[in-house]
Amino acid sequence: MSFSPDSKTKKDPSIDQTIVNYNRTEAVFAIIALVLMIIGFIFSCYTFNNSRYMFKRTAGGIHFLSTGSTLTVIEVVVNSIEYEKKHMPFTYPPGATHRYGYSFVLAWLVFVCNLLSGCAFFIFSRKRKGQKAPNEEIAMADCPTIIGR
């Protein structure tokens with residue numbers, strides 16, 4: 001369905017403004033989730049090269065944001081289908097069956113993977129002080145710096 005102007009949607013009874021709004025929301029949040037996943041991947045790769053704890057927490061936070069965006073897309077899809085079943089009988093005639101398919105399962109898999117990766121980055125983002133640091137450079141980088149006189 002294209003995002004047509006309001007004048008066309010009022011003339012065509014098969015186009016419901018609520019469904020158009022659902023489709024717009026799905027598209028926008030899918031793009032947001034994709035951009036956040038790309039940024040999360042870049043931050044994740046960067047944190048393996050520079051093991052400072054704050055980069056790991058940033059990567060974990062971005063993974064959680066992409067998890068939320070993915071969940072939003074899934075919920076909007078489910079609610080738009082339920083709305084069509086209740087209010088658009090020519091789209092879902094009485095007695096018609098419905099199943100989500102592989103893309104819906106894949107969306108839930110992406111949600112779980114992003115959630116687990118966000119949790120992993122937060123769990124492993126603690127500071128490595130003193131003896132626990134892998135080398136002297138990281139131990140010095142994680143020491144507090146006193147700025148003043």
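What list of ³J(HN,Hα) values in whole Hz, one per residue of the stretch 38-48 in order, does the Karplus curve 6.51 cos²θ - 1.76 cosθ + 1.60 (θ = phi - 60°) give from phi, with Gly and Pro shown as x?
5, 5, x, 5, 5, 5, 5, 5, 5, 5, 6
Could you tell me how many cubic angstrom of Cα convex hull volume the stretch 63-126 has per residue?
That works out to 72 Å³ per residue.
No value in this document is a laboratory result; all are computed from the given coordinates. The structure displayed is predicted, hence computed values, not measured ones.
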